[in-house]
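Enquirer: Just dropping this structure here.
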Amino acid sequence: MKKFDVDVLRRTARNTKMNLGNAEKDYVLSAALSKMVETKLAEKLVFKGGTCIKKIYFPEFRFSSDLDFSLIQEKDWIQEIRKAFENKTVEGVRFTKVKRLERTKENVALTIQYESQISEPGHVDSIRVEITRENPLLMKPKNQPVRNPKDYDLPEIRLPCMQLEEIFAEKIHAVYNRPKSRDLYDVDFLLAQNVKPDKRLIEKKLALISTKLTLESFKERMRILEPHWERDLKQVMAEAPDFEETTQRVIEKLPFNTLRGSPKRFGGASWN
């Protein structure tokens with residue numbers, strides 16, 4: 001079977017209820033992870049975020065378009081990723097350019113462009129990669145297998161991944177730090193999968209932005225999200241769940257109480 005085949009993408013789109021553009025990007029994300037493992041870039045990073053939830057823990061999760069990582073080892077990541085991807089063909093995907101979007105003391109954000117198979121010849125799309133150290137690791141990562149659809153016919157790979165309890169705490173942090181509809185949806189989804197909120201982790205993540213998880217402050221975040229809920233989620237799923245029902249489920253399960261303690265940063269062999 002031809003790699004990165006349009007028929008495979010169409011079948012994936014039907015089976016997963018993704019639109020064809022998202023199905024193509026989902027394959028490209030998997031191919032990119034494969035290359036990062038092959039070149040050992042992934043050994044110096046910890047995979048996290050929405051794409052980690054989907055590709056590592058719950059394949060039925062919503063579509064997620066970015067690759068998010070926490071930093072373990074300092075490197076010139078833009079240069080390293082350019083060497084791995086620019087003008088390279090990986091599992092049928094022709095990658096072209098790596099472009100820097102942002103580089104700060106705490107974050108590197110970039111796009112990796114690729115030649116689309118579902119558009120006119122020569123059309124270029126891209127995936128986003130973000131590498132950060134501003135939200136330090138609090139739990140030891142686990143080496144996990146990537147769970148790709150069988151139709152992708154990609155090599156089996158494993159890479160260091162953030163544990164679900166810490167991903168959940170980071171999603172609460174995201175709701176407070178940069179409210180987006182998908183983060184509230186993700187909190188609700190993880191609760192439905194019986195991921196238990198860890199009070200200690202949540203407090204430590206929120207302490208980084210000098211806030212606490214209170215019912216009043218959480219409701220304020222929800223008011224920001226409500227006007228954009230359906231529009232935002234329809235970009236990553238076929239149908240958005242009811243906003244009020246989602247909010248109520250989350251509020252009933254979150255530990256709204258004052259906790260104490262200060263965040264401990266990841267480093268060397270020292271873990272919480």
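Enquirer: Return the residues of segment 1-25 that are among the aliphatic types (A, V, I, L, M) and under 23 Å from the mean Cα position of the chain (by Cα); say none if nothing qualifies.
Expert: If the condition is that a residue be among the aliphatic types (A, V, I, L, M) and under 23 Å from the mean Cα position of the chain (by Cα), then Leu9, Ala13, Met18, Leu20, Ala23 are the ones that fit.
Enquirer: Has segment 12-24 got at least one residue that is modelled with pLDDT of 95 or more, surrounded by fewer than 23 Cβ atoms within 10 Å (Cβ to Cβ), within 20 Å of Val146 (Cα to Cα) and not aliphatic (A, V, I, L, M)?
Expert: There is at least one residue in segment 12-24 that is modelled with pLDDT of 95 or more, surrounded by fewer than 23 Cβ atoms within 10 Å (Cβ to Cβ), within 20 Å of Val146 (Cα to Cα) and not aliphatic (A, V, I, L, M).
Enquirer: Considering each residue of segment 193-221, count those that are over 18 Å from Phe256 (Cα atoms) and assigned to a helix (DSSP H, G or I), and give that number.
Expert: Residues meeting the conditions: 0.
Enquirer: I'd like the full set of residues that are under 18 Å from Ile56 (Cβ atoms) and among the basic types (Lys, Arg), limited to segment 147-195.
Expert: Arg147, Lys150, Arg158, Lys171, Arg182
Enquirer: Only one of these conditions is not met by Pro160: (1) touching a Pro at 6+ places or on another chain (Cβ under 9 Å); (2) without any contact (Cβ under 8 Å) to a residue 60 or more places away in the chain. Which number is it?
Expert: Of the numbered conditions (1) touching a Pro at 6+ places or on another chain (Cβ under 9 Å); (2) without any contact (Cβ under 8 Å) to a residue 60 or more places away in the chain, the odd one out for Pro160 is (2).
Okay, residues lined up against (1) at pLDDT 95 or above; (2) under 26 Å from Met237 (Cβ atoms); (3) surrounded by 14 or more Cβ atoms within 10 Å (Cβ to Cβ); (4) under 15 Å from the mean Cα position of the chain (by Cα):
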| residue | (1), (2), (3), (4) |
| --- | --- |
| Asn87 | yes, no, no, no |
| Arg94 | yes, no, yes, no |
| Ile112 | yes, yes, yes, no |
| Val124 | yes, yes, no, no |
| Val146 | yes, yes, yes, yes |
| Lys150 | no, yes, no, no |
| Arg158 | yes, no, no, no |
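Enquirer: Scanning segment 160-178 for residues that are buried (at least 22 other Cβ atoms within 10 Å of the Cβ) and among the aliphatic types (A, V, I, L, M), which turns out nearest to Val90 (Cα to Cα)?
Expert: Applying the filter and picking the extreme gives Met162.
Enquirer: Condition first: part of a strand (DSSP E or B) and not aliphatic (A, V, I, L, M). Now tell me which residues in segment 119-141 satisfy that. Give the steps one after another, and end with the answer.
Expert: Narrowing segment 119-141 to residues part of a strand (DSSP E or B): 124-132.
Within segment 119-141, Asp125, Ser126, Arg128, Glu130, Thr132 qualify.
Enquirer: Which one of these is β-branched (Val, Ile, Thr) and either out of contact with any Ser or Thr (no Cβ under 9 Å at 6 or more places or on another chain) or over 18 Å from Phe69 (Cα atoms) (or both): Ile202, Ile127, Ile157?
Expert: Just a single option satisfies the conditions, and that option is Ile202.
Enquirer: For segment 1-91, give me every one of the strands (runs of 3 or more DSSP E) that falls completely inside it and has 3 or more residues that are within 29 Å of His173 (Cβ to Cβ).
Expert: 45-48, 66-71
Enquirer: Moving on to the next point. In segment 133-169, what residues are touching a strand residue (DSSP E or B) at 6+ places or on another chain (Cβ under 9 Å) and over 16 Å from Lys204 (Cβ atoms)?
Expert: Here is the first cut: in segment 133-169, the residues touching a strand residue (DSSP E or B) at 6+ places or on another chain (Cβ under 9 Å) are 133-137, 141-146, 156-163, 166-167.
Pro141, Lys142, Asn143, Gln144, Pro145, Val146, Glu156, Ile157, Arg158, Leu159, Pro160, Cys161, listed by residue number.
Enquirer: Here is a further query. Which condition number in (1) at pLDDT 95 or above; (2) not polar (S, T, N, Q); (3) not assigned by TED's automatic domain parsing to the domain that holds Val28 is the one that Lys140 fails?
Expert: Looking at each condition in turn, Lys140 falls short on (3).
Here is a yes/no grid of residues against (1) without any contact (Cβ under 8 Å) to a residue 60 or more places away in the chain; (2) β-branched (Val, Ile, Thr); (3) more than 15 Å from Glu43 (Cβ to Cβ); (4) in the same structural domain as Cys52 (by TED's automatic domain parsing):
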| site | (1), (2), (3), (4) |
| --- | --- |
| Glu74 | yes, no, no, yes |
| Ile112 | no, yes, yes, yes |
| Glu115 | yes, no, yes, yes |
| His123 | yes, no, yes, yes |
| Glu170 | no, no, yes, no |
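Enquirer: Going through Pro241, Pro263 one at a time, which residue ends up being touching an Asp or Glu at 6+ places or on another chain (Cβ under 9 Å), modelled with pLDDT under 60 and surrounded by 13 or more Cβ atoms within 10 Å (Cβ to Cβ)?
Expert: On the way: Pro241 fails: modelled with pLDDT under 60.
Answer to the selection: Pro263.
The values are calculated or read from the model by the stated rules, or taken from the named source; none is laboratory data. Everything numeric here is computed off the predicted structure, so don't read it as measured data. Glycine also receives a Cβ, built like all others from the backbone with ideal geometry; neighbour counts cover every protein chain displayed.
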